[in-house]
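Reading through the structure tokens given below for one structure.
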Amino acid sequence: MKDKLKTSRALHFDQLPILLALAALCVVMSVLSGDFLSQYNVVNILQQTTINATLAIGMTFVIITGGIDLSVGSILAFSGIFLGMMLKGGVPAPLAIVLCLLIGCACGLLNGALVAYAKLPPFIVTLGMLSIARGLALIIAGGKNNSTFSAGFRALGTYRIGGVLPIQVVFVIILYLAAHYVLRFRKAGRYLYAIGGNEEATRLSGVNVRRYVAAAYVACGLAAAFASVILTAKLNSAQPSAGDGFELNAVAAAVIGGASLSGGCGSASGTLLGALIMSVLANGLTLLNVSSYAQQVVIGAVIILAVLLDVVRKRKS
């Protein structure tokens, strides 16, 4: 019990600098732009965060094991195209959504099987899946968008609770609560941290390492498919080009939130804070009329700084 309490306190302490950084960034942006703290803009930031936050939580599961998944953006597009085709083909929305999620899980399972059982490098496997899923999305869609869905389905991306809070924000909050529960209070979560910390020692302790590594990639694929549902409903369009480059933002959110690319470290709450930092930074720079090209430079510098701080922290520990 004492060890668990100590670990919980350590986790909260590790995330405190991230929370302070987010608060400081909000203060700076509010001073520089009077529109930053307006209700419209705050809601806009939350809405902009949903897709990246969804992809990033799946990425966090993989990064904790010491892996990486570069295919999430393409899986988003691939599952989204299938979702759009099913909806246009008359498949009921609930069933279409379930099948879409299963497609994401299948892509994640293939990644996980090749990494965990075939012992292929995660970078190469998921880079290959990035190309395969994107190519299949373009072939199936014929390079065209599939749009104009039912009002009931579109409500998943457009409905606002009380006329203010976007429903997709609530979905993401529920997703993060579930991820936090798994990572912090379930045996599977403890095993993922153990694998990232020392895979061989975890294997020798009797844990089926390959199964849990594969499961992490399945979770990542599921998160990508879930993001495709939200994005398709929001845009009222399934696009084969959707999610292009999103994998880098997902990795960045996890790393900024405290996940270590060497494995064994990361959290749901930290990743959510990392995703919010990225959205606040991008939104603030836009309000300040900073060009999109310069924004890429700033965000890239923030990512490098986050990795540098992680390296420094590990050297001190």
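The values are calculated or read from the model by the stated rules, or taken from the named source; none is laboratory data. Keep in mind the model is a prediction, meaning the values are calculated, not measured. Cβ: placed from backbone, ideal geometry, glycine included. Neighbour counts: every protein chain shown. Protein only, heavy atoms only, side chains kept; ligands, DNA and RNA dropped before computing areas. Shrake-Rupley method; radii C 1.70, N 1.55, O 1.52, S 1.80 Å.
Could you name every one of the helices (runs of 4 or more DSSP H) located completely within region 159-278 that has at least 2 residues being of a type in the set (Asp, Glu), surrounded by fewer than 22 Cβ atoms within 10 Å (Cβ to Cβ) and touching a residue at least 24 places away in the same chain (Cβ under 8 Å)?
Because the criterion is at least 2 residues that are of a type in the set (Asp, Glu), surrounded by fewer than 22 Cβ atoms within 10 Å (Cβ to Cβ) and touching a residue at least 24 places away in the same chain (Cβ under 8 Å), no helices (runs of 4 or more DSSP H) in region 159-278 meet it.
What are the residues in region 103-135 that are open to solvent by 30 Å² or more (accessible area, probe 1.4 Å), without any contact (Cβ under 8 Å) to a residue 24 or more places away in the chain and within 23 Å of GLY84 (Cα to Cα), if any?
LEU110
Determine whether region 290-300 contains at least one residue that is surrounded by 14 or more Cβ atoms within 10 Å (Cβ to Cβ), at pLDDT below 95 and under 29 Å from ASN111 (Cα atoms).
For region 290-300, residues surrounded by 14 or more Cβ atoms within 10 Å (Cβ to Cβ), at pLDDT below 95 and under 29 Å from ASN111 (Cα atoms): present.
Answer with yes or no whether ILE68 is closer than 21 Å to VAL182 by Cβ, of a type in the set (Val, Ile, Thr) and modelled with pLDDT of 95 or more.
So ILE68 passes the test.
Only one of (1) within 16 Å of THR232 (Cα to Cα); (2) open to solvent by 40 Å² or more (accessible area, probe 1.4 Å) is not met by ALA155, so which one is it?
(2)
So GLN15 clears everything in (1) among the polar types (S, T, N, Q); (2) open to solvent by less than 40 Å² (accessible area, probe 1.4 Å); (3) at pLDDT 90 or above; (4) within 24 Å of LEU281 (Cβ to Cβ) except one condition, right? Which one?
The one condition GLN15 does not meet is (3).
Are any residues in region 141-158 assigned to a helix (DSSP H, G or I), under 15 Å from VAL229 (Cα atoms) and in contact (Cβ under 8 Å) with a residue 12 or more places away in the chain, and if so, which ones?
GLY152, PHE153, ARG154, ALA155, LEU156, GLY157, THR158
Which residue is farthest from the chain's Cα centre (by Cα), if the candidates are limited to region 279-289 and must be open to solvent by 10 Å² or more (accessible area, probe 1.4 Å) and of a type outside the set (S, T, N, Q)?
Among those residues, the one meeting the criterion is LEU288.
Let's see how each residue does on (1) hydroxyl-bearing (Ser, Thr, Tyr); (2) open to solvent by 20 Å² or more (accessible area, probe 1.4 Å); (3) not in a helix (DSSP H, G or I):
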residue: ALA53; (1), (2), (3): no, no, no
residue: ILE57; (1), (2), (3): no, no, no
residue: VAL62; (1), (2), (3): no, no, no
residue: ASP69; (1), (2), (3): no, no, yes
residue: ALA77; (1), (2), (3): no, no, no
residue: LEU83; (1), (2), (3): no, no, no
residue: LEU95; (1), (2), (3): no, yes, no
residue: VAL98; (1), (2), (3): no, yes, no
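Looking at (1) in contact with a Ser or Thr (Cβ under 6 Å, 6 or more places away or on another chain); (2) within 30 Å of LYS88 (Cα to Cα), which one does ALA216 not meet, given that it meets all the others?
Evaluating ALA216 over (1) in contact with a Ser or Thr (Cβ under 6 Å, 6 or more places away or on another chain); (2) within 30 Å of LYS88 (Cα to Cα) leaves (2) as the failure.
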